[in-house]
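Below: one structure, written as structure tokens.
The values are calculated or read from the model by the stated rules, or taken from the named source; none is laboratory data. Bear in mind the structure is a predicted one, so any value in this text is a computation, not a measurement. Glycine also receives a Cβ, built like all others from the backbone with ideal geometry; neighbour counts cover every protein chain displayed. We work out accessible area using only protein heavy atoms, side chains counted, and drop any ligands, DNA or RNA first. Shrake-Rupley method; radii C 1.70, N 1.55, O 1.52, S 1.80 Å.
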Amino acid sequence: MRSPWLSREYEKSKDVTVKKVQNGYELKNKKTSASIVLNEEDYNKYENDLMNEIEWEKLFYKGLAVDKNCKDLVIDNSFDISKMESLKSKKVETFPLKVENETFHILINPDLGSWMSLTEEEYKRYEKNELNQEEWFSLFIRGLAEDKNHTEVDFDFPIPAEYPSVIVVNITTGCNLRCKYCFADCGPFKGEDMTEDVMDATIDSMLSMPQVKMITFEFQGGEASTNVPGMRKFIEKVEAVKSKYDKLVKYRTEINCILVTQELIDLVKEFNVSVGVSLDGPKYMTDKTRVDINGNGAYDRIAKGIKKLRENGIYIDGAVCTIGQHNVMYPRQLMEYFDEIGMNFKPRPVNILGREKENNLTTKPGEWAECFKEMHQMRDEVDVENFSVHIFEENVYTPIRDYICLRYPCGAARELVSVNPNGDVFPCDGFKGEKKFVMGNVLNEKIEDMLKKPEIIELRKRTAKTIEKCSKCMFRGMCCSCCYSAYGKFGDIYREDPHCTDRRQIYLYLMQSWLKDHVLHKGEQNEKQSIHS
Amino acid sequence: MKKMAIKNDVVKNLKTKLTNNKVSISFGNKIGLGYDGCGTHTHK
Ligand code: SF4
Ligand code: SF4
Ligand code: SF4
């Protein structure tokens, strides 16, 4: 049995003594008297720190090994693994997974996204209810088996927020580019700047929300950098009133880097604004989609803007790299490019709304998954972070669901809301061009009250259960269909993600990749690590 | 260049309590793996 899900870094416990006994070695906890006898082979592994995560786990839950990173383990006197009677859980689904020439059997709890891989031999025993107590326990603590005596397993992990801590402030709808896939359908032909009354109402609405301690104002548009005076006005207004509220405030902006003026640089420096940029890779990729009104590629202007920011000592958090027909076939080149320019990046397929609906630049089923796999395989060859690799690995390998777009319910009208220049509020900035999704207007009501409207409560309850395909999907515990993308593609938010096929392929691939590295080629992995360290 | 050294298959700060009728596992950190998304682009 093997699984990264719920795995820790273990080490030997100082409280454990070892004694040679007739049939092997006895490990005994001096304080609790808990003990186990390991045979020669297992003892050698223990002695040389060669046990895998599941073998360590057996010792850990008996108090015979410790978690390197967290000493917070309480074993009540009433607890006794040997009294547990585990049995298969109806919630669990199984499927075979081929990794090179081996076939593994995956048990998965689709609600939790927890999983365990079994060998053919283990799986046969599982089928016949012949696993031993410790094996059942490893399944049990992952929600992959039940206990006849009704012992429950309770996971207390951070849950989706009730109130937004990030507000996307669309300081203008104008833009100096006309990208082919722009989901907000922005361009130089139209532009409305945020008015002061909307700024005041937005600031008051966010800062007066009692439930949130830290608020991030994220400036977008259109193109936020075409309205630097508006950004400055907004920030100065926040600074002037923030001491009245007990809040921490952060600023961010997401810009296209076409217009990096001294004004912008001063603002970013003065208020410590985090900066993200949009960049689809080298010139021959970026110029195909990020174009101006005349259809001219913007790469050279973007590169100049980035250079100017950096020359002025501004650190760029990362780049959103939109993946579509213009770059999906170049994963290697993308990784090398971002490595070369030293910028973390987040590749993600074109979402389907706005101009994308006419231009059809998004990836075809399977293309994004192929691109992802190749980038994942070369993750150790580069010095920059590929955020998508991190996010997907986190969801497949751990119970943590940090990323608000890959967990049900998603962050729309939870962690996040978005406000347009006229004061209209949307559940997510992805909806900012869609009138149908206006939650209310800051000039008339508080955001906190908008969240209480029946239609918003309904939207906030959009889980896998409410979507036919997702409700039956094995991966629903590690996935989420993007609400606005589903709307863009199907005209209905209660549909699977438009890149569903790729998602499934990515989840399976990551399971295979882990098994390959940690089970089939474990030795090589260690070697690799020791070379690196 | 700061590349975060994150091992995605190890969860740090898992508190564990084993009792007769309940096994509780809670996550001490507010955010996972000491990582708060990817700057501006936490979503999409
Ligand atoms: S994607 Fe961004 S930069 Fe491009 S047209 Fe839309 S708002 Fe402007
Ligand atoms: S979007 Fe697709 S992969 Fe994700 S939960 Fe729904 S059906 Fe499953
Ligand atoms: S609507 Fe899509 S982009 Fe917006 S928070 Fe939800 S999943 Fe993320």
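What's the Cα-based Rg to Rh of the range A:172-288, Rh via Kirkwood?
1.01
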Exercise. Taking only pairs that are 8 or more places apart or on different chains, how many Lys pairs in the range A:307-391 have Cα atoms under 28 angstrom apart?
Worked result: 7
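If you rank A:M329, A:M194 by how much accessible surface each has, with a 1.4 Å probe, what is the order from largest down?
On the way: A:M329 105, A:M194 15 Å².
Highest to lowest solvent-accessible surface, that is A:M329, A:M194.
For the range A:78-163, report the accessible area per residue in Å² (1.4 Å probe, heavy atoms, rounded to an integer). Walk me through the intermediate numbers first.
Values: 4380 Å² over 86 residues.
Accessible area per residue: 51 Å².
Taking the range A:66-115, which GluC sites (Glu not before Pro) meet the DSSP loop condition and have no more than 16 other C-beta atoms within 10 Å? List each step's numbers first, then the result.
On the way: sites: A:E85, A:E93, A:E100, A:E102; in loops: A:E85, A:E100.
The qualifying sites are A:E85, A:E100.
Please give me, ordered by residue number, the trypsin sites (Lys or Arg not before Pro) of the range A:1-65 that lie in loop per DSSP and have at most 11 other Cβ atoms within 10 Å. Provide the component values of the computation, followed by the final result.
Numbers: sites: A:R2, A:R8, A:K12, A:K14, A:K19, A:K20, A:K28, A:K30, A:K31, A:K45, A:K58, A:K62; in loops: A:R8, A:K14, A:K30, A:K31, A:K62.
In loop regions of the range A:1-65 (DSSP not H, G, I, E or B), the sparsely surrounded trypsin sites (Lys or Arg not before Pro) are A:K14, A:K30, A:K31.
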Problem set entry | Computed [θ] at 222 nm, helices only, for chain A once each DSSP H run of length n ≥ 4 contributes -39500 (n - 2.57) | -9000 deg cm²/dmol
Exercise. What Rg and what Dmax come out for the range A:29-160 when only alpha-carbon atoms are used, in angstroms?
Worked result: 16.0, 47
For this session: Take the alpha-carbon centre of the range A:294-334, take the same for the range A:25-87, and report the distance between them in whole Å.
Result: 51 Å
Exercise. Across the range A:137-290, how many lysine pairs separated by 8 or more positions, or lying on different chains, have Cα atoms within less than 25 Å?
Worked result: 25
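Determine the relative contact order of chain A: mean sequence separation of Cα pairs under 8 Å and six or more apart, normalised by residue count, in whole percent. Spell out each step's value before the answer.
On the way: 964 pairs, mean separation 75.7, N = 533.
Relative contact order comes out at 14 percent.
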For this session: With a 1.4 Å probe on protein heavy atoms only, work out how much accessible surface B and A bury together, total over both chains, in Å² to the nearest 100.
Result: 4700 Å²
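Evaluate Rg over Rh across the protein assembly as shown, taking Cα atoms for both radii and Kirkwood's formula for Rh. Could the numbers behind the result be given before it?
Details: Rg = 25.7 Å, Rh = 25.6 Å.
Radius of gyration relative to Kirkwood radius: 1.00.
Take the solvent-accessible surface of the protein heavy atoms, probe 1.4 Å, and return the percent of it on the range A:125-191 that carbon and sulfur atoms account for.
46 percent
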